[in-house]
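Let me begin by presenting the structure, written as structure tokens, before commenting on it.
The values are calculated or read from the model by the stated rules, or taken from the named source; none is laboratory data. Computed from a predicted model, the values in this text were never measured in an experiment. For accessibility, only protein heavy atoms count, side chains too; no ligands or nucleic acids. Shrake-Rupley method; radii C 1.70, N 1.55, O 1.52, S 1.80 Å.
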Amino acid sequence: MAGRLKLLIVGDSHTGALATAREQGQAAGTLPDHVDWTIQPLGPGLNMRQSFWEPRGDHAEITDETYRKRLPRLPPEDARFDGIGLCMPMWFGRVLRDLVQGDLTLPGIADGGRMISAALFRDLVLRDQQPALDLAVFLRGLGTPVFAVDTPTVFRENRYLVRVSPARLLGIVAAHRAVMRAELARLGLALVERPEACTQGGFMRSAFRRKDPTDRHHANAAFGALMLDRIADRAPDLCRMPAPPA
């Protein structure tokens with residue numbers, strides 16, 4: 001695949017770190033020169049567990065009012081892309097909130113709480129992410145390669161640590177990650193994962209946290225730049241349609 005690759009990255013509020021990194025990299029002239037970036041955060045991920053889009057033949061219409069103000073359709077009208085990255089499927093926040101508020105825990109985490117089975121947890125995760133996964137499959141069906149973009153994991157300042165132990169918090173997040181990695185693989189959707197060096201002891205390193213002290217879960221432009229580099233490194237492969245199942 002020759003020439004400059006046009007990528008669209010769209011997703012929840014974690015897409016903001018990528019958009020800021022793109023702006024800073026463009027100003028500094030440090031962006032990879034083989035990728036043409038379009039990066040569009042839709043807004044908070046709260047509404048992404050409900051259906052936020054509908055199929056409309058050659059595009060997906062964004063029906064959620066908040067998201068629609070930023071991007072009414074995917075792909076955007078009169079725009080063609082070599083690949084579309086969704087920064088949605090790896091976000092664990094909604095499921096984590098449900099389990100913490102319900103004082104629920106998972107097998108292998110012995111620190112109190114009411115245990116639910118691994119099968120029930122998997123069902124909760126997949127139901128939470130179904131609209132995003134369906135969107136990825138639909139867009140790929142239109143003929144454009146689609147991939148998933150990783151999000152930051154929890155910072156040590158996570159607000160739920162006043163209610164549950166670090167072991168339970170990290171265990172739930174790790175279990176969510178395992179479910180989603182397996183599901184993306186089953187669907188044939190590539191995942192651009194965050195670098196392992198971003199974490200220490202299971203938590204995101206503080207160097208990648210936003211400076212706003214009231215924001216305890218979004219990463220900064222330094223993390224966004226690492227992710228853009230990772231996407232750019234894999235762009236030629238990400239922009240190839242996967243082979244059909246044998």
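Taking a probe of 1.4 Å, how large is the accessible area per residue of the chain, in Å²?
Working: 11900 Å² over 246 residues.
So the chain comes to 48 Å² accessible per residue, rounded to a whole number.
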Solvent-accessible area, 1.4 Å probe, carbon plus sulfur percent, for the chain: 50
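For every helix of n ≥ 4 consecutive DSSP H residues, a contribution of -39,500 (n - 2.57) applies; sum these over the chain, divide by its total residues, and give [θ] at 222 nm rounded to the nearest 500 deg cm²/dmol.
Values: 6 runs with 91 residues, N = 246.
After summing the helix terms and dividing by residue count, I get -12000 deg cm²/dmol.
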Using alpha-carbon coordinates, inclination of helix 166-187 to the longest axis of the chain, degrees: 40
Evaluated over the chain, the Cα radius of gyration and Dmax, each in Å: 18.0, 56
Amide hydrogen neighbours beyond the local backbone of Val146, cut-off 5 Å, H modeled: Ile84
